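Have a look at the structure below, then the notes.
The values are calculated or read from the model by the stated rules, or taken from the named source; none is laboratory data. Everything numeric in this text was worked out from a predicted model, so none of it was measured. Every residue, glycine as well, gets a Cβ built from its backbone with ideal geometry; the counts of neighbours run over all protein chains shown. Just the protein is used for accessible areas: all its heavy atoms, side chains included, with ligands, DNA and RNA removed. Shrake-Rupley method; radii C 1.70, N 1.55, O 1.52, S 1.80 Å.
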Amino acid sequence: KPISNPPQRKVKPKVEMPVAPFWKDHWIPAVILMLLGVALYSNTIGYDYVLDDAIVIEKNNLVKKGFAGINEIMTTESFTGYFGEQRNLVLGARYRPLSLVTFAIESQIFGTETTGGNAPSFIPNSKVSHFLNILFYGVSILLLYRLLVLWLPSANKNSWWWTIPFVTALLFCVHPIHSEVVANVKGRDEILAVLLSISALIASWKYLSRDNLAWLLLAAGLFMLGLLSKENSLTIIAVVPLAGYFFGKFPLSRMLIVTMVFALVGLGYLVIRSDIIGYFLSSGNEITDIMNNPFANLNAEQKYATVFYTLGQYIKLLVFPHPLTHDYYPYHIPIMEFGNWKVIFSLIANLGLGLLGLWGLLKKRIWAFGILFYFITLSIVSNIPFTVGTFMNERFVYLPSIGASLIFAWIALKMLPSKLKGIGTYAGYGLIGIMLAGFVFKTLERTPAWTSALTLNAAAIKISKNSARANLFYGTAVFEEYKVENDRTRKNELLDVVSKHVNRAVEINTNYYSGWTMVAGVVAEEHKRDRDLDKCLNGFYRVLNNRPNIDYIDQYLDYLKDREDAVKILDFCVRSGKMFTQKRDFNNATRLLNHGNSLDASYGPLRQALGEMYLAMGDQNRAAQYLN
């Protein structure tokens, strides 16, 4: 008889195996990316502090306080530690305290303590600063790879080494346009901003995937730290919903929550920033110095034509990064008009890419995300919404270059194989191979320029020949060599080089205060060499005619007053005083004439010039004292 209730077989309960940690499964690509990033920039560990490193670390008095300076760093504008006060030299000022905090910490731990003063001070260690830049750079590459795998978990079924996440991270790692960010210690603000922004995106994706509030809170905290590194991180607010749309299938409510949290954190940062520096964007004082506002003397057409020209240059440098320079100041970038073919070409290229990105947005194409990511993250430094203080800079595309790297990877791994049947994969291999070889070569060739101030500015002057700043900085760097040179012939050669470049700087920017100060210094050094007082005084007169408030000239005139032919100094004061009287610049006229009066109050031409000055001022009584 059949058994009505047959015995049931015992089935072992299914045990769900834990998911292996990501890095355990991806340790080989992680090691490759980290070692490659470190190897490319390991030579920079022995480099000096250069360029703006003086402002943010080497001569920043708050940073040199170590731990004791952190509170002031967090509650003051970022240039305060260098200038001793908030100067508002650039539009919007600067509030990027996090990188300065890291400098303060490393200065106390690894720096050299100095004695004297009321509190300890620390001399930072450039080797440690460069090492940490490299380390943070390497970590940011690993996090970029992790983020891309989250976004594109099955972007390619091949081995890990031929996937869009790995190839994108690899291209980003070796791109030579990043050499400024890594080799210049000041670039740590860019590195930390990207590192922390990527971390915030990873945490936000974890929240979207798991609906765990802890991940959302972590994402908000990391995003705030990214903002405290550099304002560029604000653009990540738009990247959050964009990535969710392209790569995820999350509830709309959850996407709105993440976006709103990021927006609120961004708003909170702007409130804090405005409270610290005292205003949101403008202090109310017009910035007319073209070294801090290169568009100051341009009309609207010239401004936006020049802006679109620079946007074309960014695309060119991302595809073909040569030549590279750290100096894009006036007038390495020339003033453009919309009739120039380069502007028209750039305008078409940028608008075409933008429209292509919007079209691809509807179809959720990976390349479209890369285009939109590029434009979104570049927007804040594009000089379109507001002026950022320079025409362009290679470091400005550090974050946007992620989008470009993603596009390059997609072309090699997806487009070429689909368009070129049979040979497309090999064409992709060839494209990436050529790009990697070229990028690595250019990075290794570029980084030695950052060895010292002299090497950096020597490299810049070969490319940025028409930059007032490059000419001045190179002349200043050579002047430092001149001061320590003992061989007389070589010393004269160096002074001639200094004279050539500082005079070129003021020729480009006739209102360049720092340039004219150096010109006055060169004039004095040439007098010490040639002992030609007439040439010296004529040089000083030229300086005063362009920038009257150069204090060094008054000091050097005091140095010359005991010479036998000191009467020439009196004549110089008379000539200069008359020049300022004609310009109705009575403050400087009084200054020069009183200087001469202090040397010889009885000198007739001097008394005549003083009387004429007071007549021009309408002071008849004082004029009579000198003209009678």
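Some points to look at:
- For Lys419, no aspartates and glutamates have a Cα falling under 14 Å of its own Cα, not counting residues fewer than eight places away in the same chain.
- 10 °C / 1.306 mPa s Stokes-Einstein diffusion coefficient of the range 371-432, Kirkwood radius on C-alpha pairs, µm²/s: 119 µm²/s
- Helix axis angle, 213-229 relative to the chain longest principal axis, alpha carbon, degrees: 20 degrees
- Converting phi to 3J(HN,Hα) with the Karplus coefficients 6.51, -1.76 and 1.60 and the offset θ = phi - 60°, the range 549-554 yields 9, 9, 4, 4, 5, 4 Hz in sequence order, with x at every glycine or proline.
- Listed by chain and number, the lysines whose alpha-carbon sits under 21 Å from that of Lys414, ignoring those within fewer than 8 places in the same chain, are Lys157, Lys363, Lys364.
- Rounded to the nearest 500, the helix-only mean residue ellipticity at 222 nm of the chain stands at -20500 deg cm²/dmol, with each DSSP H run of n ≥ 4 adding -39,500 (n - 2.57).
- Proximity of backbone amide H atoms, modeled 1.01 Å from N, is registered between Ser121 and Thr114 at under 5 Å, excluding neighbours fewer than 5 places apart on the same chain.
- When the solvent-accessible area of the range 74-167 is split by element, carbon and sulfur atoms take up 59 percent of it, the probe being 1.4 Å.
- Look at (1) 47, 25, 23; (2) 48, 38, 21; (3) 58, 26, 24: the one that is semi-axes √(5λ) of the Cα gyration tensor in Å derived from this structure is (3).
- Loop-resident trypsin sites (Lys or Arg not before Pro) (DSSP state other than H, G, I, E or B) in the range 86-186 with no more than 10 further Cβ atoms inside 10 Å of their Cβ: Lys157.
- Fully extended contour minus Cα-Cα distance, from Val567 to Asp496, at 0.36 nm per residue: 22.7 nm
- Given their separation in residues at 0.36 nm each and the Cα-Cα distance between them, Glu445 and Arg529 gain 26.4 nm when the chain is fully extended.
- For the set Lys303/Lys535; Lys491/Lys578; Lys59/Lys561; Lys462/Lys491; Lys186/Lys442; Lys59/Lys465, the pairs lying more than 30 angstrom apart at their alpha carbons are Lys303/Lys535; Lys491/Lys578; Lys59/Lys561.
- Computed across the range 29-116, the Kirkwood radius stands at 14.5 Å (inverse of mean 1/r, all Cα pairs).
- Computed label-point distance, nm, for sites Trp160 and Thr510 using a 7 Å Cα→Cβ extension: 6.3 nm
- Computed accessible area, His332, all protein chains, 1.4 angstrom probe, square angstrom: 50 Å²
- Computed as a quarter of the hull surface, the mean projected area of the alpha carbon convex hull for the range 195-321 stands at 10.7 nm².
- Between Lys465 and Val139, full extension at 0.36 nm per residue minus the direct alpha carbon distance yields a gain of 113.7 nm.
- The convex hull defined by the C-alpha atoms of the range 360-517 has an orientation-averaged projected area of 13.4 nm².
- Virtual spin-label span in nm between Asn285 and Val271, 7 Å along Cα→Cβ: 2.9 nm
- Relative contact order %, the range 469-628, counting alpha carbon pairs below 8 Å whose residues are six or more apart: 14 percent
- 5 Å binning of all Cα-Cα separations within the range 509-628, expressed as whole percents from 0 upward: 2, 12, 22, 22, 19, 12, 7, 3, 1, 0
- Amide H to amide H distances under 5 Å link Leu420 with no residue, where only residues 5 or more positions off or on other chains count and H is placed in the peptide plane.
- Only protein heavy atoms count here; under a 1.4 Å probe, Phe396 has an accessible surface of about 10 Å².
- Whole-Hz ³J(HN,Hα) from phi, Karplus 6.51 cos²θ - 1.76 cosθ + 1.60, for the range 327-337, glycine and proline x: 10, 10, 7, x, 10, 4, 7, x, 6, 10, 10
- The label point for Thr425 and the one for Ile344, both projected 7 Å from the Cα toward the Cβ, are 4.5 nm apart.
- Here the range 539-583 yields Rg over Rh of 0.97, to two decimals, using C-alpha coordinates and the Kirkwood radius.
- Apolar share of the accessible surface for the range 355-420: 72 percent from carbon plus sulfur atoms, 1.4 Å probe.
- Taking Lys and Arg as +1 and Asp and Glu as -1, the other residues whose beta-carbon sits under 15 Å from that of Glu113 total +1.
- Computed E for Val38/Asn628 - FRET, C-beta separation, R0 56 angstrom, nearest 0.05: 0.10
- Solvent-accessible area per residue in the chain equals 46 Å², computed with a 1.4 angstrom probe and all protein chains kept.
- Across the range 299-312, rounded Karplus estimates of 3J(HN,Hα) from the backbone phi angles (6.51 cos²θ - 1.76 cosθ + 1.60, θ = phi - 60°) give 7, 4, 4, 4, 4, 6, 5, 5, 4, 5, 4, 5, 5, x Hz, Gly and Pro being marked x.
- Scaled radius of gyration (Cα, divided by 2.2 N^0.38 Å) that the range 44-197 gives: 1.23
- Among 602-611, 408-417, 506-515, 428-437, the peptide with the highest mean count of other Cβ atoms within 10 Å heads the list, and the full ranking is 408-417, 506-515, 602-611, 428-437.
- Globularity index of the range 102-189 is 1.55 (Cα radius of gyration / 2.2 N^0.38 Å, N = number of residues).
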